[in-house]
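> Okay, here's the structure, questions in a sec.
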Ligand code: FE
Ligand code: CA
């Protein structure tokens, strides 16, 4: 057992303020219970602390909700009185209580119960509610001992056949902690949204970029304890807590939740123990996100992709393009991860998949069956082809969809044939706002526009220069708008006849109190792929 942790337990069992004779007895009791906990380790998950007392406030990481269904929602919190040092919890499981109310003041309690914060899951708590009313706002909070969490607001999805007028959501990605403040989250929390969709790079495992405004408090994580501490650092941010507390989230991951540019079981640095690292990272992700328990990792595997319906107005297909993808084509010598290539036959191989066969088949089936007016494909990165070479010839970055052109053509041809109503692709990853026409063959001017793409900027992560953006716009005519200068998020309002997407842009990501404005607004009309108006 870690000596620091032992010292901490001793401090808790016998605080220095305790009279000496009592301290000795308390320490002996602690030693006995520790010995018992070693002997009873296999039973540890059954031992529960029902009347917890904390030396400091345990709800330091806020609350969250997610995975909204017409009759249910997932509520989340984690007990972590010392969030940056493993949580600071005793080895027991802890029982806590929760309340769900129909009003902000918790006068009308709709549901209440108790739940276990399991030591094995870093004392995180997941309450999966069912039997709720559709399309309804609820408020929730948790109680452990004397401590009460912040309260969160959440909303169930509309009933499957409900003819709803509109859905308002924001989508965001890429929040490198060191490169800026999370002011975008504070503004998101004030937008009056039904839903927030986060498309990956929720944490960054590595320190990079210039002109940091703050620092990671540790080096890159490899094991479970280190990933937990990294999530705790990010989730300690009050603006991030505010956006979690204002609406339910749908989440998926990209690479930095584990390691830059990993693909499936292969690390960028070809680490032979990478699957152990991935297992630790996936578990920490699950412990900190309002995901349903179907996403509980089994070793290095976790089932994240799923679809979510919002009445007959919108269906979201939330995808996982990291866990099952083919390894990068034509990597640099003795490396995994991305490369920029001109000639690379491997890149074009038809069997290369971004989602893996099972997820591809599932998505195809979903697109064939959906009856929603708007179909949102929520994935990680820019889908449109992105030729990086000026003039004749082409060069491509292999970590994005350009590394998997056959899989992209399969998906866009499926969309062309299956004709799901109003396909919208949303993404992140590239730290730049791009709005694109998606076509089965980007090199053929006659290829039809089959879907509209909005790739959202980043919460903080540094993007390309305007010069690079202008060059890409000139080289890739299907890219119709680009903005690499502004950090923020995309705000979307879906109605039956049109969808409006606004780029919400911070004045200055380096200031926690930054103002936000709308840098551009795009309108997509029902029945017509590609935006028709921009203001
Ligand atoms: Fe990123
Ligand atoms: Ca070119």
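Each value in this text was obtained by applying a stated rule to the coordinates, not by laboratory testing. Keep in mind it's a predicted model, so treat the numbers as computed, not measured. Virtual Cβ from ideal backbone geometry, glycine too; neighbours counted across all protein chains shown.
> Using the alpha-carbon atoms, what tilt in degrees (0 to 90, nearest 10) does helix 3-13 show relative to the longest principal axis of the chain?
For helix 3-13, the angle is close to 50 degrees.
> Roughly how tilted is helix 20-39, in degrees to the nearest 10 and between 0 and 90, from the longest Cα axis of the chain?
So the inclination is approximately 50 degrees.
> Next question. Can you tell me the 0 to 90 degree angle between the C-alpha axis of helix 405-418 and the longest principal axis of the chain, rounded to 10?
Here the helix axis deviates by roughly 80 degrees.
> I'd like the distance between the alpha-carbon centres of segment 411-431 and segment 292-331, rounded to an integer number of Å.
15 Å
> Given 20 °C and 1.002 mPa s, how large is the Stokes-Einstein diffusion coefficient of segment 110-164 in µm²/s, with Rh as the Kirkwood radius over Cα pairs?
Rounded, D is 160 µm²/s.
> Once the convex hull of the alpha carbons of segment 158-245 is built, what does its volume come to per residue, in cubic angstrom?
In segment 158-245, the Cα hull volume divided by residue count equals 120 Å³.
> Give, in whole angstrom and from largest to smallest, the semi-axes √(5λ) of the equivalent ellipsoid of the chain, with λ running over the eigenvalues of the Cα gyration tensor.
41, 27, 21
> Okay, next question. Using Cα pairs under 8 angstrom and six or more residues apart, how large is the relative contact order of segment 205-353, in percent?
It rounds to 23 percent for segment 205-353.
> Relative contact order for segment 383-476: what is it in percent, counting Cα pairs under 8 Å that are at least 6 residues apart?
31 percent
> If you take every DSSP beta bridge whose two residues both sit in the chain, what share of them, in percent to the nearest 5, is antiparallel?
Among the beta bridges of the chain, antiparallel pairing accounts for roughly 75 percent.
> Moving to a separate point now. For 75, 313, 411, 473, what's the fewest-to-most ordering of other Cβ within 10 Å of each Cβ?
In increasing order of surrounding Cβ atoms, one gets 473, 313, 75, 411.
> Would you mind ranking 110, 376 by Cβ crowding within 10 Å, fewest neighbours first?
Values: 110 17, 376 28.
The fewest-first ordering by Cβ neighbours comes to 110, 376.
> When only C-alpha pairs under 8 Å and at least 6 residues apart count, what is the relative contact order of the chain, in percent?
13 percent
> Just the ratio, please: alpha-carbon radius of gyration of segment 238-295 over 2.2 N^0.38 Å, N its number of residues.
It is 1.33.
> Any idea how far the Cα center of segment 373-389 sits from the one of segment 119-168, in Å?
Segment 373-389 and segment 119-168 have Cα centres spaced 30 Å from each other.
> Treating each Cα of segment 327-415 as an identical point scatterer and ignoring solvent, apply the Debye formula and state log10 I(q)/I(0) at q = 0.10, 0.16, 0.20 Å⁻¹.
Per q value, in the given order, log10 I(q)/I(0) is -0.30, -0.70, -0.98.
> What ranking do 419, 97, 491 get, fewest neighbouring Cβ atoms within 10 angstrom at the top?
Ordered from fewest to most neighbouring Cβ atoms within 10 Å, 419, 97, 491 come out as 419, 97, 491.
> Additional query: Using only DSSP helix segments of four residues or longer, with each worth -39500 (n - 2.57), what per-residue ellipticity at 222 nm results for the chain after dividing by its residue count and rounding to 500?
Dividing the helical sum by the residues of the chain leaves -6500 deg cm²/dmol.
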